[in-house]
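Encoded as structure tokens, the structure appears first; notes follow it.
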Amino acid sequence: MRRSAGDVKIVVHKIRENVSMLEGSGGNITVLTSRDGTALIDTGLQGSRARILEALKGLSGGPVKKVINTHWHFDHTDGNEWLHESGAEIIAHEKTRERMAESTRVEAWKFTFPPSAQAARPTSVFQKNHRLEVGRSSIDLEYYGPCHTDTDVLAHLKEEDVLAVGDTWWNGYYPFIDYSTGGSINGTIRATEKNIEKAIGSMVVIPGHGPIGGVAELKKFHEMLLTIRHRVAAKKKQGNSLAEVIATKPTAEFDEKWGGFLIDGKTFTSLVYAGV
């Protein structure tokens, strides 16, 4: 992903007059613009810097002054360093800074991430809740507790009626669950339920991966998670090994819709099996 980051196309999706989503560089990037300064929620891949700057220039906001990391994974934080060096404050949950300050092994990827550069680490952290102001708008941050990882936060753009939920939601795709850093299928389901509770009426919800959506799409995601967890848990309780559970194809009816990105049905079955 890092090697190809400079060649990816950044697609700008206009959501509100002052809110857009940038798609193409790692995870989705939410942009809140104002004349006084711009805020980014997640930062994509460092190699996409030139293309991200080009996209931001077209949105006519002030310089990036605030950056929020929804969690620690590199496809959402890799641009932190250049943005911090350009003058932005980096805001995240305290566990995100902890993860980025140490070597972290992600067994599912068979990769050990070295500590991030000092300039890439969050400069401001919080434990449960935090509010920041961007021009005349406010963003409320809330910690989920362990779910996709143990570092995830949601961002509620209050005046704009937009919710950015990071990788607690992969819209149209099976999600990756990082058990190596505190994630679990049960935590992912709890986070999804929180997202459904927050996504009132016509609120726009921005996922970590996939297109924007709302409460209807979140409910479909929730139903898929519950159904597969139930099937896998029942088989595991009966004493079936992971290979035996995979052979029963508990995701079969969902694979065409949800299995078209990084995580296929077999891999997602493995992730669910690990947590039930």
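The values are calculated or read from the model by the stated rules, or taken from the named source; none is laboratory data. Here the structure is a predicted model, which means the values were calculated and not measured. Neighbour counts run over all protein chains shown; Cβ positions are idealised from the backbone, glycine included. Protein only, heavy atoms only, side chains kept; ligands, DNA and RNA dropped before computing areas. Shrake-Rupley method; radii C 1.70, N 1.55, O 1.52, S 1.80 Å.
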Which fully enclosed strands (runs of 3 or more DSSP E) of region 64-129 have 1 or more residues being closer than 17 Å to Asp178 by Cα? 89-93, 104-106, 111-113
Hey, can you tell me all the residues within region 10-27 that are touching a residue at least 60 places away in the same chain (Cβ under 8 Å) and either under 13 Å from Leu157 (Cα atoms) or open to solvent by less than 10 Å² (accessible area, probe 1.4 Å) (or both)? Ile15, Arg16, Asn18, Val19, Met21, Gly27
Take the residues in region 26-43 that are under 20 Å from Ile91 (Cα atoms) and modelled with pLDDT under 95, then tell me which one is farthest from the chain's Cα centre (by Cα). Asp36
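Among the residues of region 166-222, count how many are in a helix (DSSP H, G or I) and open to solvent by 10 Å² or more (accessible area, probe 1.4 Å). Can you show your working first?
The first filter runs over region 166-222 and keeps only residues in a helix (DSSP H, G or I), leaving 166-168, 179-181, 185-198, 215-222.
Retained after the next criterion (residues that are open to solvent by 10 Å² or more (accessible area, probe 1.4 Å)): 179-180, 186, 190, 193-194, 196-198, 215-217, 219-220, 222.
The qualifying residues number 15.
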Among (1) surrounded by 12 or more Cβ atoms within 10 Å (Cβ to Cβ); (2) without any contact (Cβ under 8 Å) to a residue 60 or more places away in the chain; (3) in contact with a helix residue (DSSP H, G or I) (Cβ under 9 Å, 6 or more places away or on another chain), Glu85 falls short only on (1)
